[in-house]
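Colleague: After the C-alpha cells below, expect a handful of questions from me.
The values are calculated or read from the model by the stated rules, or taken from the named source; none is laboratory data. Small disclaimer: the values here were computed from a predicted structure and weren't measured. Reconstructed Cβ throughout: ideal geometry from the backbone, glycine too, with neighbour counts over all protein chains shown. Calculation scope for accessible area: heavy atoms of the full protein, side chains included, ligands and nucleic acids excluded. Shrake-Rupley method; radii C 1.70, N 1.55, O 1.52, S 1.80 Å.
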Amino acid sequence: MTRLPIAARCLLRLTDPRVREFLTGDLEESIGIIAERDSTDRARRWATRQALAAAIQHPWRPGPSHHGDGLMRTLLQDLRYGTRMVRRQPTFSAVVIMTLALAIGANTVIFSFANVLMLRPLPLKDTSTLGWIFGVDPHRGGNREPLSIPEFLDYREGLSTFSEIGASVRSNVILTGRGDARRLAASRVTANLIDMWALRMTTGRGFSRGADTPGAAGEVVLSHHYWDRELNRNPAIVGQTLTIDGRPATVMGVVAPDIEIGNLSEIDVWVPLSLTPDARRQDRLLRVNGRLKPGVSLAQAQADVQQIAQRLARDYPKASEGWSARVAPSREAMTGTDTMVVMALLSVVVGFVLLLACANLANLVLSRATGRRRELAVRSALGASRQRVIRQMLTENLVYGICGGAAGLVVAYGGLALMRAAAYEPFFQIVRIDHNVMAFTAALALLTPMLFAILPALHSTRADAVDALKDGGTRTAGGVRAARSRSVLIVAQLGLAVMLLVLATLLVHALVNITGAPRGVDQDALLTARLDLPPWRYTTETARRDYHAQLLQRITADPSVQNAALVDRLPFVDGEPITELTIDGRTSTRPEDRPWAVATVVSESYFATMGIARVSGRVFSDADREGRAPVALVNTEMARRYLGGVEHAIGARLTLAGEPAAGGAIEIVGVVGDVLRADLEGVNPQLYLPSTQRPLKTVSLVVRTADPLGSAPSVRARIRGLDADVPVYELRPFAQALDEDLSSSRVLGSLFIAFALLALVLAASGLYAVVSYAAAQRAKEFGVRVALGALPSDITRMMLGQTARLVAIGLALGLAGGRVLAIGATALLYKVSPSDPATYAGVALTLGTIAFIATYIPVRRATSLDPVSALRLE
C-alpha cells in the first residue's frame, strides 16, 4: 500500500477496523463512524481528526513524491469515486446522462453542418489562391450571377491578377451505343479546369490542351461513381471511345472520388466546354474561377475584375450596361447567404438547448449536493480545503459528462441518418461525423460538467461546517441561498424555452404557408418527365417540331391521360433565367429600369394542363406556327409593370435582347395568371413563347392524369416507342418534384421544432423537479400548517403563487428574447410577421399550462400526506 502520512499510519494500527475502513473506503459511507465513537474520549477524537485531515489534504501521497504525481493520483481517485456514484444512483445517473446526450447530440449535429461548410478542407488545390468571379445583376440585385462565354473570354484576355481562369456549367449529355440511350449528368468545363483545381485522377489524366476549342476531337473524363457503378472499375476503359451526343469521345481518365461532394456528387462525366465566341452575351450560364498570381490579394483581384466589368458595360450596353462583377473566396462561393443565416440560427438554438440542459442539471446537482451537506461539512471540518472539495465534485460530474458525450455521439449518428433519409438535397449526404466532430463532442463532454456543476459546488462548500453538522442546520442560510439559486436557474430555463418555442412556432407557420401557398398552378394529378432530343438526329427546327407534335399525340391517346404539354422549364423546380426586353414605345435611361422577364417556351396546351387561367386575349393555337408573325403571352405582373395594365397589354410589341431585329417584333396576344417564383416570395414578369415557333432540344413533358404514379410506365413506353434514342429521365409526379425541392426546408424546420420541444421538456422537467424537491423539503412545514388548521388547497394556492412569479418572469424574458431571434430570422419567415401576436399568445398559454401541471402534481402529492406522518419526516 502506498505510504500515508505518519499520523494516519499510526491510526491504522491503533484503531478498530471501522476507522481503517473510513481511511481506505468511501468517505460518504463512513461519515456515521465518527458519530458513533465515544464522544468523551477527547484524545482519541483529536488524533482521529488530525489523521483524517492529513489523509484528506494529502490523499495517498508519499512523502518524497512530486506534486504532479500526487495531483494525478488525486484525480484518478476522484474519477474512481465518481464512477462508483454513477453506479450506485442509476436513476439519477440515467436522467443526467440522457439530458446530456440530447443536448450534446443536438450540438454535434449542427457542428457537423458547420464542419462541412467551414472546416473540412475543400478537395481543391490551395483554395486560398482561388478567386471566384461572379456577375452582379442590376435588375434583381443578385451578386452571385454566372457569366456568359463571351464575357469569360474577355476576362481571360484582360485579367492581369490571375495566372489562369476556368469555367464550368452543369449540363446533360446523351450516351448511345451501350444499350438503351442514357442521359448522363455532365459538367462542361474548360480544358484547364481539372489541372487548375489539381484534381486527383484514379486512372488516366485530364483533358488535352485545346480540348475546349470548337471542332476539337471529343474527350471525356469519367466520375469515380459512374466508373464504379456502370463500368465495374474497368481500368481498360481509358483510351476507349464512348458516343457522347452522337460524337465519339475518348475516355481520358477517371477523377478520384475526393471531388464527389454535394452537388458535384451528381456528375457522371466531365466534358470539354466548347468556347464559341459567337454565343450570346445574355446567356449567362458559366461559373468562373481562377488562380491568383503569387502575392495578389482578393482586393487587388477585385479591382482588376471591376475595371473589366466597367469596360464591358461601355462596350456592350445592351447586354452589360449596369452589370458589374466581384471576386469571392472559395468558402463564400460554395456557401449560400441563406445557408449561413440558417446555420447561425441553428447554432444559437442548440447553444440555448445546451445552456438549458446545463441549468436543468445544475438544479438536479444542487438538490443532490444539499443532500450531501453533512459529508461535505465533515470533509471541511477535517481539514479539506474548499478548492479540494470543489475539484472533487467537478471530477465526479466529469464522469457524467464523459458518459453523456458518448451517448451524444449515438444520438448524433441517428439524427444525421434520419436527415440523410429525409432530405433530397445532396448536401446532407456529405455530412458525416469525422475527427473534427469527434473532437468537438469530446470538448463538450469535458466542458459541460463545469457549466452545470460549478454553481452547486460553490454553494455546497460555502456552508458553515458546524451549522451543517447540526440537525436541521441546512434549513438556514445555506438552504435559502440554494433555493434562490434554483429559482434563478428555473427562470433561465423557462426564458430559454420560450425563446426557442417562439422561433420554432414562427418557422412552423412559415413552412405551412410555403407548403400550402397558392402557387398559381393546379399542381395535383400531374406527371412530369424530361426529354433530350439527340442533337445529331434532330438537327432542324422542323424535325424537332414534328417530334413534339407526334409525342403529344401519342401521349394524349392514352385513355388515362386528360391533357399533356411541353415546357422548357418546370415552375418552382427549375431555374428562372431572365431575358432583357425592348418594348416599343418605352425607353429606359437607367439599366435598373430596363424591362426584363423570365422567358418560357411552352406548347399551346400548357396553360390548360397546368391550370393557369387566361385573363385577357387568347392563348396559343395551331395558327401560331413557323413562318407566321411571332407572338407571345405575358402574365398579369408583366402587364402591370411594363405594359400599362392588362387592358393595354394586348397588341403591345417587344423584342428579346440579343435577337436579330429581322425576325420582327413579338406581338402580345394574351394575358394569363401569375405563377409564383421558386422562392414563393413574389412574382416575376413572365413571357411565354410558343414551342411551335421555337422548338427546343431539351423539354419537360407535363401530363395531367388521375393516377400520375400508375401512368408512368405507360408514358415511358409511349416515349420509347416513338424514338428509343431519346432518353427519358426524372419521370415522376410533379408533387414529388415539389416535395424533393422542399425537403431541405422541412428537415431544417423539423430541427428547429425538435430543439424547441426538447427545450420545453427540459424546462418542464426542471420545474417539476425543483417544485418536487421544495415540496419534499417543506413537508414538515406543511404538516404544521395543516395541524394548525390550514387547508391543503391553501398550501397548494401558496405554492402555485410562488411558482407563478417565476413563470411570469421567465415568460416575459423569453418573449422579449424570442422577438429578437424572430427579427434575426425574418428572411426565413414566409408571410409571417416576427411579431405575430397569435404565436406569442399561444406560446404563453402553452408554457403557463405546462408550468401549472408541473407545479400542481408534486404540491398536491405533498399536501395529501397525513399531518402526523409529515411531522415525523426528517
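Colleague: In nm, to one decimal, how far is the modelled label at residue 216 from the one at residue 513, with both set 7 Å along Cα→Cβ?
Modeller: Label at residue 216, label at residue 513, 5.0 nm between them.
Colleague: Here's another thing I want to ask about it. Heavy atoms only, probe 1.4 angstrom, no DNA, RNA or ligands counted: give me 271, 573 ranked by accessible area, highest first.
Modeller: These residues rank, largest area first, as 573, 271.
Colleague: Quick check: from the Cα gyration tensor, does region 753-808 come out rounded (a/c under 1.5), prolate or oblate?
Modeller: It is prolate, given that a/c is not under 1.5 and a/b is the larger ratio.
Colleague: So how many Å³ per residue does the convex hull of the Cα atoms of region 526-625 work out to?
Modeller: 172
Colleague: Once the whole set of protein chains is in place, how much accessible area is left on residue 298, using a 1.4 Å probe, in Å² to the nearest 10?
Modeller: So the heavy atoms of residue 298 present about 60 Å² to solvent.
Colleague: Here's another thing I want to ask about it. Which far-off residues, 5 or more places away or on another chain, put their amide H under 5 Å from the one on residue 596, with H placed in the peptide plane?
Modeller: Here 581 satisfy the definition.
Colleague: In square angstrom, what is the accessible area per residue of region 210-313 with a 1.4 angstrom probe?
Modeller: On the way: 4550 Å² over 104 residues.
Using a 1.4 Å probe on heavy atoms only, each residue of region 210-313 averages 44 Å².
Colleague: Now, a different point. For residue 126 paired with residue 80, estimate the spin-label separation in nm (one decimal), with each label point 7 Å from Cα along the Cα-to-Cβ line.
Modeller: Roughly 5.6 nm, to one decimal.
Colleague: Which length gain, in nm to one decimal place, applies between residue 857 and residue 243 when the Cα-Cα distance is subtracted from 0.36 nm times their residue separation?
Modeller: 213.5 nm
Colleague: Ok, one more. Short version: ³J(HN,Hα) in whole Hz for each residue of region 568-578, in order, from phi by Karplus 6.51 cos²θ - 1.76 cosθ + 1.60 (θ = phi - 60°), x for Gly and Pro, what are they?
Modeller: Couplings: 7, 8, 7, x, 6, 9, 9, x, 10, x, 9 Hz.
Colleague: While we're on this one: What ranking do 206-214, 251-259 get when scored by the average of other Cβ atoms within 10 Å per residue, highest first?
Modeller: The densest-packed peptide leads the list: 251-259, 206-214.
Colleague: Can I ask one more? Run through region 618-717 and list the GluC sites (Glu not before Pro) located in a DSSP loop whose Cβ has at most 15 other Cβ atoms within 10 Å.
Modeller: Those that pass, being in a loop and sparsely packed, are 626, 681.
Colleague: If you don't mind, there's one more thing I want to ask. Rolling a 1.4 Å sphere over the protein heavy atoms, what is the accessible area per residue of region 594-680, to the nearest Å²?
Modeller: Working: 3500 Å² over 87 residues.
Solvent-accessible surface per residue comes out at 40 Å².
Colleague: How charged is the neighbourhood of residue 576? Take every other residue with its Cβ under 9 Å from the Cβ of residue 576, and add Lys/Arg as +1 and Asp/Glu as -1.
Modeller: It works out to a net charge of +1.
Colleague: Show me the ranking of peptides 697-707, 557-567 by mean Cβ neighbours inside 10 Å, starting with the highest.
Modeller: Order by mean packing, descending: 697-707, 557-567.
Colleague: Here is a further query. Compute the distance in nm between two label points, each set 7 Å from the Cα along the Cα-to-Cβ direction, one at residue 836 and one at residue 87.
Modeller: 5.2
Colleague: If you don't mind, another one. On a full-extension model of 0.36 nm per residue, what is the gain between residue 724 and residue 808, subtracting their alpha-carbon distance, rounded to one decimal in nm?
Modeller: So the chain would gain 23.2 nm between residue 724 and residue 808.
Colleague: To continue, here is another question. As an exercise, use a Förster radius of 60 Å and the Cβ-Cβ distance of residue 201 and residue 410 to find the FRET efficiency, rounded to the nearest 0.05.
Modeller: That pair, residue 201 with residue 410, gives E of 0.95.
Colleague: Need the full-extension length gain, residue 347 to residue 746, defined as separation in residues times 0.36 nm minus the C-alpha distance. One decimal, nm.
Modeller: Gain on stretching residue 347 to residue 746: 141.9 nm.
Colleague: How much accessible area per residue does region 688-782 have, in Å², with a 1.4 Å probe?
Modeller: Values: 3400 Å² over 95 residues.
Per-residue value: 36 Å².
Colleague: Using a Förster distance of 45 Å, how high is the FRET efficiency between residue 300 and residue 447, based on the Cβ-Cβ distance and rounded to 0.05?
Modeller: With R0 = 45 Å, the Cβ-Cβ based efficiency is 0.60.
Colleague: Turning to a different aspect of this structure: Within region 241-331, what whole-number % of the accessible surface is contributed by carbon and sulfur, with the 1.4 Å probe and all protein chains included in the calculation?
Modeller: C and S atoms contribute 54 percent here.
Colleague: Remind me, what semi-axes does region 745-867 give for its equivalent ellipsoid, largest first in whole Å, using sqrt of 5 times each Cα gyration tensor eigenvalue?
Modeller: Computed over region 745-867, the values are 38, 14, 10 Å.
Colleague: Another one. Amide H neighbours of residue 562 under 5 Å, counting only residues 5+ apart in sequence or on other chains, H built in-plane at 1.01 Å?
Modeller: Here 704, 705, 706 satisfy the definition.
Colleague: Given a Förster distance of 22 angstrom, what is the FRET efficiency for residue 169 paired with residue 541, based on the Cβ-Cβ distance and rounded to 0.05?
Modeller: For R0 = 22 Å, the calculated efficiency reads 0.40.
Colleague: Another one. Would you kindly derive the ³J(HN,Hα) couplings of region 325-333 from the backbone phi angles with the Karplus curve 6.51 cos²θ - 1.76 cosθ + 1.60 (θ = phi - 60°), listing them in order in whole Hz, with x for Gly and Pro?
Modeller: Values, residue by residue: 9, 8, 10, 10, x, 4, 4, 5, 5 Hz.
Colleague: With θ set to phi - 60°, apply the Karplus curve 6.51 cos²θ - 1.76 cosθ + 1.60 along region 848-859 and write out the HN-Hα couplings as whole Hz, x wherever there is a Gly or Pro.
Modeller: With the stated coefficients, region 848-859 comes to x, 5, 5, 4, 4, 5, 5, 8, 5, 4, x, 5 Hz.
Colleague: Among 183, 484, 716, what's the order by accessible area (1.4 angstrom probe), most exposed first?
Modeller: Ranking 183, 484, 716 by accessible area, largest first, yields 484, 716, 183.
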